[in-house]
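Let me begin by presenting the structure, written as structure tokens, before commenting on it.
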Amino acid sequence: MLRLQLTLAARYLLGRKLRTALTTLAIVFGTMVIFGMGMLLPTMLAAFQANVLAAAGQVDVTVTQKSGEAFTRSALSKVRAVPGVRVVAGSLSRTVNIPSGYYGRTQLGALTLTGIDVDAAQALHSYAVTSGRFLRASDESVTVITANLAEMLSLHLGDKLHLPTADGDITLKIVGLLPARSQPGNEEVLVTLSEAQKLLALPNRINTIEANLNTTDQAQRDVIEGAIQSSLGTDYTLGGLSGGSELLAGLQTGQAAFSLFGFLALFMGGFIIFNTFRTIIAERRHDIGMLRAIGAGRRTIVGLILVEGLIQGVVGTAIGMALGYLMGAGILLMMGSLYRNFVHLNIGAPVIEPQLFVQTIVLGVGVTLLAGLLPALSASRVSPLEALRPAAVEHTTQRFTRGNIAGAGLLVLALLGLVSHNARMAALGGLLFLIGLVLVAPVLVQPIATFFSRLLTLLVAREGTGELAQSNVVRQPGRAAVTASATMVGLAIVVAMGGMVWSLTGGFLGILQKSLGSDYLLMPPAVSLWGSNVGAKPELANRLRATPGVAVVSTLRYAAATANGKSVALLGIDPVNYTKVASLAFQAGDPQTALADLSRGRALIINGVFAAQTGLHPGDSVHLSTPTGQQLYQVVAVGGDYLNAKIQTAYISQANLQRDFHKSEDIFLQLNLAPNANAATVEPRLKAILKDYPQFKLVSGQNYFEENKQIFNSTFMVMYVLLGVLAAPSLIALLNTLAIGVIERTREIGMLRAIGATRRQVRRIVMTESLLLAAIGTAFGLLAGLYLGYVMILGLSTAGYPVDYVFPAGGLVAAVAIGLLLGVVAALFPARQAARMNIVRALRYE
Amino acid sequence: MALIQAEELTRVYGAGETAVTALDHASLGVEAREFVAVMGPSGCGKSTLLYLLGGLDRPSAGRVMIDGISIGELTDDALTRLRRQKIGFVFQSFNLIPMLDAVDNAALPLTLDGVAAEKARTRATEWLQKVGLGNRLTSRPDQLSGGQQQRVAVARALVAEPRLVLADEPTGNLDTRSSDEIAGLLRQVADDWGRAVVMVTHDAHIASYADRILFLRDGVIVDELRLDAHNRANAELVAERLRMV
């Protein structure tokens, strides 16, 4: 039985190669996006763990402070005192971002500077020095590096390694070489603990404790780890460094958005398959009736259709996964260089998790089968008599069905959700709105088609071709509705994203000008991932202040902390100088007094993202975990600057940062020139000072603004390309429906040609039909897109992003243009096919 | 000069060993206002002949003159225009557009010719009244009986005032009563409205409405029967001749 079904399915599929290809392509697109995008996060995660966490090596337990900041050695003795701990060693390590060009032509994003307690560390790790010697506790200004790093920098034993630090450029003598690392991640520069403490200006501090246990029994190990945790308290975490978690959160958000794209693409694919199968059933009523007449059961018929779906689902999914892999690998390759340059993350080979395979296959094949199920069930209801009956004149008038009424109800609910101004209700409404539109679409096809065909008749489709095209569209309102729905989803995304992009650009460029409007900026290599930047001691700011022509210098300092269980980047500002060069964009609290209030006691200003995550308001108090214990801070305002708008951030005074976090390193500097100063003479002086601090880049505020605007634009360019990829399923849906329509109406086209329609006129009918379908889809898409766009902005502003809703006029224009283009492109092939038809053969077509 | 002049028409389908000669050196002439029926068993080439006369297909050899124009030399567009203006078609399966009402269906050739919609509808209405459908103007095909649908098709064939109407098995999908009515209507097309009619049929009774019957076998015109007022509609006579073919 299955053999018969397989044979028949294969024959049918091959009999209509073009349609099979188009339908399969619909699956290919969905699975491609899901699979390709699904690769990104695990790969990034792997890179992340390799870079940030790999340093842990072969030790049993790694202890870090939750905030990622350094702590005193007292924690070390606490761990050592826990029964079952064999050896412990404290170390201080930090990612050092390397400015580009620092090592000549060698591109090296970052190094990890690690200070180790030489004796204790050797009890934990085996350092197999291949040449030279290992570190000694009494060493000063010497280092041990891997042979690999030495080779990259063309350095040998005894040479000096340059390194940017807070004290300016320093050199370390290479006394030993280690074998090349097997793990990916930053190359390590090993120095003694005291050396690292001096270079990083963290006397007597460590930021990692490593320990080995005296048992390999998992149950006992869990007990010991529990004991370590309880002896240290909740400020410490066992396992790995928590630093950089904000990057991870960003990646996860991006991944979710991309997955959503994939699901939408697959959703459109489902529509296309549903349409195709419905047509297949209509075409084969005779065959199916005949099979029923000679004794095929209903289940055999359902099986036959589903097997056909299964073949397409499996083939489409397989091709989609292969293409998805290429797409994912390509994106990773592009992102690789971007990430190396901006956040210094080395991305390794693509990582594909087994569940991604399962997920993609289940979705790809599942959607195909699901979309084929309804038509298959309707096929099983074909009576054997159909085989004998002549094909009836098909003409369906659309009546109101329960589905239409339900759809209208959903639309009303969606609008209620919108006026509720509640992000969650509105988001739910967005979904209801889409489903509602799909459900009411069939009844709207007729009026919308009539309206647009009048328009098109005036413009292009004269000589009755417009009316004929319109009659073709409304002949199968269900099919037209499904096609338009697929187009709708694609265009809705364009409009929604367009709206978001417009609003975001406006919002971000606004605070960019506000918070970074100073004459000059001294930028560290990794903006916004402050923790890995090497800053400068206050001496740099002082030297700048002393430079003739410089009026005011303001600096930012950084520390990591946790508040209410959320990690937060703390930025130390100098309330007096900061207001002279820049300002925060405030969302709550008194902008006049907020910055001055930072100097009074322990006060902080939190940014929108952090406020949304913690639910804190001005006037609330919050405990910050600091290296010196929990400290109570009072929230005075909600506001933020440009660089940190996307990251949970809070601002405190530099005095408090020094007292509670022992941080006095400037990681970002802004300066204004005196009113009468000449930039051309001051700039060389500034550059001369910065020779000692190569980790900073001198940028003029104006240039930075322009540069960012361009980055914005190019980022959005990438997004538009992605949107184009998503428009492809819409195109396939249109193309498929048109191609099916042309095949179905073969005899009618033959008749038209016989009674005097020229090829041009036939072509124009198909073209107009395509434009009508596209127009209906575009009209729906605009509605749904406006709704979704509003929901997105509402969601973003609820999440603390500084955005106001801007009506996406650009998105609308783009969507209309794309809709028209889709209509024209989709019609090219079917129109040609219709026009080229052999009249006699067409008239005899059954 | 005859309205249609076909000389040595040959149509071969396929090539090499599988080549099939559907029409073999057929020559005929049709006068204006003449009603000619083409008869023969299935596969004898009668439809092929009709398609060649209507310019829907091109002959492998020989030529067709319509109203003094040799259609073999026309471009596809010129031929299409000629069909639109000089020839009307009636098909076995009516081939009406299900979404258009009777008037719009009948008006199609004028609409395609760029005639203003109002004028086209007025003229289509006139023809629908002449073929007896004045009371079903706004009905759609699915609301009409087979006979009525074929009347719409006849109105459509006549609306552009062609000199020639070609009918391919026009009664093939109809019951006897409707068949008679349609055959009578085609007779009227020739007699009252002065068009030449060429009709392909395998029904002797229907063929007996014609002025002249051509018998085809294996692509060759093998016989011809003239019917005058005196033996018109004598189906037995026609059937007998058909048996001899």
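The values are calculated or read from the model by the stated rules, or taken from the named source; none is laboratory data. Predicted model only: the values in this text are computed from it and were never measured. FYI the Cβ positions are ideal-geometry reconstructions off the backbone, even for glycines, and counts take in every protein chain you see.
Summary of values
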| read-out | value |
| --- | --- |
| Count - residues of the stretch A:469-483 that are among the aliphatic types (A, V, I, L, M) and facing chain B (nearest Cβ under 10 Å) | 2 |
| Neighbours by Cβ (under 8 Å, 6+ apart or cross-chain): first from the stretch B:68-92, in contact (Cβ under 8 Å) with a residue 60 or more places away in the chain and over 19 Å from A:ARG759 (Cβ atoms); second part of a helix (DSSP H, G or I) and of a type in the set (S, T, N, Q) | B:VAL90/B:GLN150 |
| Enumeration of residues in the stretch A:216-233 that are out of contact with any Pro (no Cβ under 8 Å at 6 or more places or on another chain) and touching a residue at least 24 places away in the same chain (Cβ under 8 Å) | A:GLN220, A:ARG221, A:VAL223, A:GLU225, A:ILE228, A:SER231, A:LEU232 |
| Lone unmet requirement of (1) more than 7 Å from chain A (Cβ to nearest Cβ); (2) within 29 Å of B:GLY146 (Cα to Cα); (3) modelled with pLDDT of 90 or more for B:ILE66 | (2) |
| Top-ranked residue in the stretch A:751-778 [being within 24 Å of A:ILE281 (Cβ to Cβ) and small (Gly, Ala, Ser); ranked as nearest to the other protein chains (Cβ to nearest Cβ)] | A:SER770 |
| Count of the stretch A:596-615 residues which are surrounded by fewer than 24 Cβ atoms within 10 Å (Cβ to Cβ), in a loop (DSSP other than H, G, I, E, B) and not polar (S, T, N, Q) | 4 |
| All positions within the stretch B:164-182 that are within 13 Å of the chain's Cα centre (by Cα) and away from every other protein chain (no Cβ under 14 Å) | B:THR171, B:ILE182 |
| Of the criteria (1) at pLDDT below 80; (2) part of a helix (DSSP H, G or I); (3) surrounded by 24 or more Cβ atoms within 10 Å (Cβ to Cβ), which one A:PRO525 fails | (2) |
| Residue that is aromatic (Phe, Trp, Tyr), at pLDDT 75 or above and in the same structural domain as A:VAL367 (by TED's automatic domain parsing), where the choices are A:TYR325, A:TYR339 | A:TYR325 |
| Top-ranked residue in the stretch A:435-459 [being within 14 Å of chain B (Cβ to nearest Cβ) and in contact with a helix residue (DSSP H, G or I) (Cβ under 7 Å, 6 or more places away or on another chain); ranked as farthest from A:ALA414 (Cα to Cα)] | A:THR457 |
| Unique match (being β-branched (Val, Ile, Thr), in contact with a Leu (Cβ under 9 Å, 6 or more places away or on another chain), over 16 Å from A:TYR790 (Cα atoms) and assigned by TED's automatic domain parsing to the domain that holds A:LEU820) among A:THR487, A:THR450 | A:THR487 |
| Near pairs, Cβ below 8 angstrom, 6+ apart or cross-chain, from the stretch A:659-683 (on the phi > 0 side of the Ramachandran plot) to any residue that is buried (at least 19 other Cβ atoms within 10 Å of the Cβ) | A:HIS662/A:ALA70; A:HIS662/A:LEU202; A:HIS662/A:ARG205; A:HIS662/A:PRO627 |
| Per-region count, the stretch A:195-215, residues part of a loop (DSSP other than H, G, I, E, B) and either under 12 Å from A:VAL61 (Cα atoms) or touching a residue at least 40 places away in the same chain (Cβ under 8 Å) (or both) | 7 |
| Residue list for the stretch B:121-159, filter: within 10 Å of chain A (Cβ to nearest Cβ) and among the charged types (D, E, K, R) | B:ARG140, B:ASP142, B:ARG156 |
| Qualifying residues in the stretch A:357-410 (those that are part of a helix (DSSP H, G or I) and under 30 Å from B:GLN150 (Cα atoms)) - the one modelled with the highest pLDDT | A:PRO384 |
| Residues satisfying the stated conditions in the stretch B:163-180, i.e. of a type outside the set (A, V, I, L, M) and buried (at least 23 other Cβ atoms within 10 Å of the Cβ) | B:ASP168, B:PRO170, B:THR171 |
| Verdict on B:ALA78 being within 13 Å of chain A (Cβ to nearest Cβ) and not charged (D, E, K, R) | yes |
| Residue under evaluation A:VAL223, criteria (1) at pLDDT below 80; (2) outside the structural domain of A:LEU22 (by TED's automatic domain parsing), criterion not met | (1) |
| Answer from B:ARG81, B:ARG58 - the residue that is surrounded by fewer than 19 Cβ atoms within 10 Å (Cβ to Cβ) and assigned to a helix (DSSP H, G or I) | B:ARG81 |
| Any chance B:MET39 is touching a Ser or Thr at 6+ places or on another chain (Cβ under 7 Å) and either at positive phi or touching a residue at least 60 places away in the same chain (Cβ under 8 Å) (or both) | yes |
| Yes/no for A:SER770 being out of contact with any Ser or Thr (no Cβ under 8 Å at 6 or more places or on another chain) and over 27 Å from B:GLN85 (Cβ atoms) | yes |
| Residues of the stretch B:84-120 that turn out to be more than 9 Å from every other protein chain (Cβ to nearest Cβ), assigned to a helix (DSSP H, G or I) and of a type in the set (Val, Ile, Thr), as a count | 1 |
| Members of the stretch A:769-789 that are among the polar types (S, T, N, Q) and under 13 Å from A:LEU735 (Cα atoms) | A:SER770 |
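So that you can scan it fast, the table gives a plain yes or no per residue for (1) modelled with pLDDT of 90 or more; (2) part of a strand (DSSP E or B); (3) surrounded by fewer than 15 Cβ atoms within 10 Å (Cβ to Cβ):
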site: B:ALA2; (1), (2), (3): no, no, no
site: B:ALA6; (1), (2), (3): yes, yes, no
site: B:LEU9; (1), (2), (3): yes, yes, no
site: B:HIS25; (1), (2), (3): yes, yes, yes
site: B:VAL36; (1), (2), (3): yes, yes, no
site: B:GLY43; (1), (2), (3): no, no, yes
site: B:LEU49; (1), (2), (3): yes, no, no
site: B:LEU52; (1), (2), (3): yes, no, no
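Residues checked against (1) assigned to a helix (DSSP H, G or I); (2) at pLDDT 80 or above; (3) under 30 Å from A:ALA560 (Cα atoms):
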{"residue": "A:TYR12", "(1), (2), (3)": "yes, no, no"}
{"residue": "A:MET37", "(1), (2), (3)": "yes, no, no"}
{"residue": "A:LEU41", "(1), (2), (3)": "yes, no, yes"}
{"residue": "A:ALA50", "(1), (2), (3)": "yes, no, yes"}
{"residue": "A:GLN107", "(1), (2), (3)": "no, no, yes"}
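Yes/no matrix, rows are residues, columns are (1) within 30 Å of A:ALA150 (Cα to Cα); (2) crowded, with 22+ Cβ neighbours inside 10 Å:
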residue: A:ARG73; (1), (2): no, no
residue: A:ALA81; (1), (2): no, no
residue: A:LEU92; (1), (2): yes, yes
residue: A:ARG105; (1), (2): yes, no
residue: A:THR112; (1), (2): yes, no
residue: A:ILE116; (1), (2): yes, yes
residue: A:ASP119; (1), (2): yes, no
